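Below you'll find the structure, written out as C-alpha cells, and then a few comments.
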C-alpha cells in the first residue's frame, strides 16, 4: 500500500511503532503532491526540502527516545491566512505579497508541538472572501473546490495530505468540504484559537479542519481545541476527548431534526430529492422541524455583521493597495462602511436570539440535519453559494459536513449535521452513528 494513502491515525501508529519513518512518509506525500499539483493547484507555498528536514528532525527525536506527539510525522496543510514563521502568509492577496511573519499563529504552534509537519501553505481566496484562487476540484478539474479554504479541502480530497486547517466566516469550511467530498468541521465558535490568523469578523470567524475520516478529524481537534489567552473568545474548559467520544456507542439512538431552513428553495432540485430520500431512509430517527418565520432575516443579519467587520478590519489595508484588490472585495467593504451602528448591534442581538431559538430544538433532538451546500460543486471559478452555512456560522454552533451523497457525474453532495454549542465531540459521535445507519 502506498503510504501516502494512509489515514493520519494509521500513519501515526506505524511511525510510533517504528514501522515507518516520518521521512519516508512525508516523501510519499510529496511524491503524491508532485503528481497532481500542476492540475489541482492546492498549494501556494510548498518547500519539499523543508518538509523533509522537519521529518528528519522528528525521526531523530524518535531514535533518541523522546516522547512522541499525537501528530508525530503527520503532514498538515495550512490555509494561507494563518501565520507561519517558516512560510510566507499572504492571505491570497497581492496587497500582502511577500509578507513573512516572525512567529507561528497559535494553531500552527500547537500542531508543531504535537509533532506535525507543516508541509506547506494552501490556497485561499483573496482575504478569505469570494475572489477565487487557482485551486480546482480534484473530482472534476472544471469545477470549483469551493472557498475560501479551497486549497485545504482540495489537498485532502486529492490524497496529497491527510489533514488541513481552514477558516469559516460564512461557509468557508463546510462548503468546500461538501464540494470536495471530505469531512469538514466548523467547531463551536471559540473552540480553536484564531490568534495569529487573519481576522475578518471576531463575531463570525471560526477555525476548522479537513480530513478523510472522522477518526482523523477527532485526532487533530484534540490538538487544536483549547483556551488561548490571546483569543478572548476561547474558554477555559476540560480537554475534550474527541477520539474517546467518537468511538463510543450512543446511549440511545440519536434523533435528528430535518431542518430545511427558509432557503430550501436555493438547493438544486435533484439535491432536494436526494436529501429527502435520505431522511425517509432514516425513518423514525429523523423528523422535519420548521424554523419560525423570524429566522428569515438571519441571512441579512449575517451579511451586515460580516460586511461591517470586514470594512473595519480590512478597509485601510485594501485602500492602501488601491486597484490591487478585486472589485468584488472592494464593493463588499464599501457596503460594510454603510452599515450603521444601530443595524450592526441589532444584527448581533438577533444572532443571540436565533441561537436561543435553535437551542430549543436540541431539547428534543440530538442534532440538526440539513444540506451543506445547494448541490454539487458548480463548474467555473465561482466558489459557490454559502447559503446553507450562514445561519450556523452566525449562531456559532458546531457543524460538520459528511460526504454521504452523490449527484451529477458522481460529484459529492454534502450532508451537514449541526449540534448544540460546546457539544462538538458528541456531534462527531452522532455523525459516526449516521454514517453507519445509512450503510
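Read the figures in this text as sums done on the coordinates, not as results from a lab. Computed from a prediction, not measured in an experiment: that's the story for all the values here. Note that each Cβ is placed from the backbone with ideal geometry, even for glycine, and that neighbours are counted across all protein chains shown.
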Exercise. Once a ≥ b ≥ c are taken as the square roots of the eigenvalues of the Cα gyration tensor of the stretch 66-204, is the result rounded (a/c under 1.5), prolate (a/b larger than b/c) or oblate (a/b not larger than b/c)?
Worked result: rounded
For this session: Beta carbons within 10 angstrom, averaged per residue: use that to sort the peptides 128-135, 376-383, 286-293, highest first.
Result: 128-135, 376-383, 286-293
Exercise. Relative to the compact globular guide of 2.2 N^0.38 Å, what is the alpha carbon radius of gyration of the chain, as a ratio?
Worked result: 0.92
For this session: Calculate, in nm to one decimal, what residue 236 and residue 289 gain on full extension: separation in residues at 0.36 nm each, minus their alpha carbon distance.
Result: 15.7 nm
Problem set entry | Cut-off 18 Å, label 7 Å out along Cα→Cβ of residue 359, residues of the stretch 392-419 by amide N | 392-399, 418-419
Problem set entry | the stretch 320-386: C-alpha pair distances exceeding 16 Å, % | 72
For this session: Pop a pseudo-label 7 angstrom from the Cα along the beta-carbon direction at both residue 57 and residue 316 and give the gap in nm to one decimal.
Result: 3.5
Exercise. Label-point separation (nm) for residue 255 and residue 345, each offset 7 Å from Cα along Cα-to-Cβ?
Worked result: 4.0
For this session: Fewest Cβ neighbours within 10 Å first, please rank 237, 102, 310 accordingly.
Result: 102, 237, 310
For this session: Run the quick spin-label model on residue 327 and residue 227: label points 7 Å from Cα toward the beta carbon, then report their separation in nm to one decimal.
Result: 5.0
Seminar exercise, completed: At q = 0.12, 0.16 Å⁻¹, the log10 of I(q)/I(0) for the stretch 3-246 from a Debye sum over equal Cα scatterers comes to -0.59, -1.11
Exercise. Calculated FRET efficiency, residue 34 and residue 435, Cβ-Cβ r, R0 41 Å, to nearest 0.05?
Worked result: 0.80
Exercise. Is the stretch 287-349 best put as rounded, prolate or oblate by its Cα gyration tensor, with a ≥ b ≥ c the root eigenvalues, rounded for a/c under 1.5, and otherwise prolate when a/b is larger than b/c, oblate when not?
Worked result: prolate
For this session: Determine, for 198, 282, the number of other Cβ atoms within 10 Å of each Cβ, and report the residues in order from fewest to most.
Result: 282, 198
Seminar exercise, completed: In terms of the alpha carbon gyration tensor, root eigenvalues a ≥ b ≥ c, rounded if a/c is under 1.5 and otherwise prolate when a/b exceeds b/c or oblate, the stretch 185-333 is oblate
For this session: Kindly provide the helix-only [θ] at 222 nm of the chain, computed as the sum of -39,500 (n - 2.57) over DSSP H runs of four or more divided by all residues, to the nearest 500 deg cm²/dmol?
Result: -12000 deg cm²/dmol
Seminar exercise, completed: Going fewest to most other Cβ atoms within 10 Å around each Cβ, 118, 305 line up as 118, 305
Exercise. If you line up the Cα atoms of the stretch 303-439 on their principal axes, what length do they span on each, largest first, in Å?
Worked result: 53, 39, 20
Problem set entry | Protection proxy ranking, peptides 171-182, 4-15, 315-326, average beta carbon neighbours within 10 Å, highest first | 171-182, 4-15, 315-326
For this session: Please give the FRET efficiency for residue 142 paired with residue 248, using the beta carbon to beta carbon distance and R0 = 41 Å, rounded to the nearest 0.05.
Result: 0.45
